[in-house]
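Data block below; observations after.
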Amino acid sequence: MHDYSMLTDGDRVLVAVSGGIDSFVLAWLLVEWRKKAPIHYDLAAVHVDMEADANGPGPMAQKLRRSISALGLPLHILPARWQPDLLPTETTKTYHDLCFQCARSRRTQMFVYARECGYHTIALGHHRDDIIETFLLNLTCAGNISTMVPKQNLFSGRLTLIRPLAYLDKVEIEEVGRQLRVTPIRSLCPLREQTKRRDMQHLASLIYQQIPGAKEHIFAALGNIRQQYLLNQSKERHLP
């Protein structure tokens with residue numbers, strides 16, 4: 001929070017919650033941080049409901065509302081505007097494409113809602129493992145060196161994304177969740193076991209098993225870029 005100056009006095013913050021432990025711990029953290037911080041910020045939670053229908057929020061969103069209400073936070077439930085098909089189509093060639101489109105649609109909905117309701121910051125529950133896995137995913141599947149960053153300004157500074165859990169490992173967040181007695185609400189996404197991100201989790205696990213300290217070194221490397229030792233694509237041959 002201090003390293004990246006994530007919050008300032010008077011900020012209006014939306015914390016994105018999915019039903020998993022990561023986002024619940026993040027919501028709890030921001031509630032607790034506000035109690036001791038030398039600044040004040042408004043805080044609310046938002047959830048994009050993939051089960052919403054004409055009768056209102058789905059069962060998962062209703063359970064989530066009860067859990068978030070126990071923290072003293074209001075939860076804004078947004079009916080999803082885009083539903084993934086169970087199988088890839090001609091316009092979505094792979095399960096990874098479906099996952100990407102779904103995530104982009106949910107993110108866009110949150111951005112629009114934040115703008116319309118006057119929220120300038122969205123807090124996301126990504127942790128150190130997510131950041132490393134995103135780096136591996138972009139490196140092996142997208143042909144670029146990039147990842148998620150702890151703080152990111154969008155739309156000429158009109159919206160800021162923050163990831164306050166960026167320095168924590170998944171296992172540390174799970175331990176906090178156990179201490180808080182959090183019961184995660186299982187995602188009903190039919191693609192959750194069939195994505196490239198899941199493959200990256202397995203790859204990262206193998207690297208950590210084979211090379212002691214690899215996780216710390218990879219994470220440190222993401223902030224220690226040596227530009228002079230990277231290819232200049234304007235002079236070098238592009239990969240096929």
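In the chain, if the dipole is taken from +1 on Lys/Arg beta carbons and -1 on Asp/Glu beta carbons about the Cα centre, which of 168, 137, 148 is farthest to the positive end?
Working it through, the farthest residue towards the positive pole turns out to be 148.
Each residue of segment 207-224 in order: what ³J(HN,Hα) in whole Hz does its phi give by Karplus 6.51 cos²θ - 1.76 cosθ + 1.60, θ = phi - 60°, with x for Gly and Pro?
For segment 207-224, the Karplus-derived couplings read 4, 5, 5, 7, 10, x, x, 4, 4, 4, 5, 5, 5, 5, 4, 5, x, 9 Hz, x marking Gly and Pro.
Hey, with R₀ at 35 Å, roughly what FRET efficiency would residue 36 and residue 140 work out to, going by the Cβ-Cβ distance, to 0.05?
So the FRET efficiency works out to roughly 0.25.
What length, rounded to one decimal in nm, is gained on full extension from residue 227 through to residue 3, with 0.36 nm per residue of separation minus their alpha-carbon distance?
Details: separation 224, 0.36 × 224 = 80.64 nm, distance 2.32 nm.
Contour length minus the Cα-Cα distance gives 78.3 nm.
Where the accessible area of the chain is counted over protein heavy atoms with a 1.4 Å probe, how much of it, in %, is carbon and sulfur?
With neighbouring chains kept in place, the figure for the chain is 54 percent.
Give the residue from 17, 108, 50 lying farthest towards the positive end of the charge dipole for the chain; charges sit on Cβ (+1 for Lys and Arg, -1 for Asp and Glu) and the dipole is referred to the Cα centre.
Projecting each Cα onto the dipole axis, the largest value belongs to 108.
Over the C-alpha atoms of the chain, what are the Rg and the largest Cα-to-Cα span, Dmax, in Å?
18.9, 59
Could you work out the relative contact order of the chain, using alpha carbon pairs under 8 angstrom and six or more residues apart, expressed as a whole percent?
Numbers: 307 pairs, mean separation 51.3, N = 240.
Relative contact order of the chain: 21 percent.
Give me Rg over Rh for segment 94-230, both radii from the alpha carbons and Rh done the Kirkwood way, two decimal places. Could the numbers behind the result be given before it?
Values: Rg = 16.5 Å, Rh = 17.0 Å.
Expressed as Rg/Rh, it is 0.97.
Heavy atoms only, 1.4 Å probe, whole protein assembly: order 218, 211 by accessible area, highest first. Spell out each step's value before the answer.
Details: 218 35, 211 95 Å².
Correct descending sequence by accessible area is 211, 218.
Can you compute the charge dipole magnitude of the chain about its Cα centre, using +1 on each Lys and Arg Cβ and -1 on each Asp and Glu Cβ, nothing else charged? Give it in debye, rounded to the nearest 20. Write out the running numbers ahead of the final one.
Numbers: 29 positive and 24 negative charges, 42 e Å.
Around 200 debye, computed over the chain.
Could you list which residues have their amide H under 5 Å from that of residue 76, counting only those 5 or more apart in sequence or on another chain, with H placed in the peptide plane?
Close amide H contacts, sequence-distant or interchain: 45, 46, 47.
Counting pairs on different chains as well as pairs 8 or more places apart, how many Lys pairs in the chain have Cα atoms under 28 Å apart?
Summing the qualifying lysine pairs gives 13.
Given the options 103, 123, 27, which has the most mean-square fluctuation in a GNM of the chain, springs set between C-alpha atoms less than 10 angstrom apart?
Fluctuation is largest for 103.
Enumerate the calculated ³J(HN,Hα) couplings along segment 136-151 in order (Karplus 6.51 cos²θ - 1.76 cosθ + 1.60, θ = phi - 60°), each rounded to whole Hz, writing x wherever the residue is Gly or Pro.
5, 5, 5, 5, 8, 10, 10, x, 9, 9, 7, 7, 6, 10, x, 9
The values are calculated or read from the model by the stated rules, or taken from the named source; none is laboratory data. Note that the coordinates shown come from a computational prediction; the quantities given were computed from them, not determined experimentally. Note: ideal-geometry Cβ built from the backbone for every residue, glycine included; neighbour counts use all protein chains shown. Surface accessibility is based on the protein's heavy atoms, side chains included, excluding ligands, DNA and RNA. Shrake-Rupley method; radii C 1.70, N 1.55, O 1.52, S 1.80 Å.
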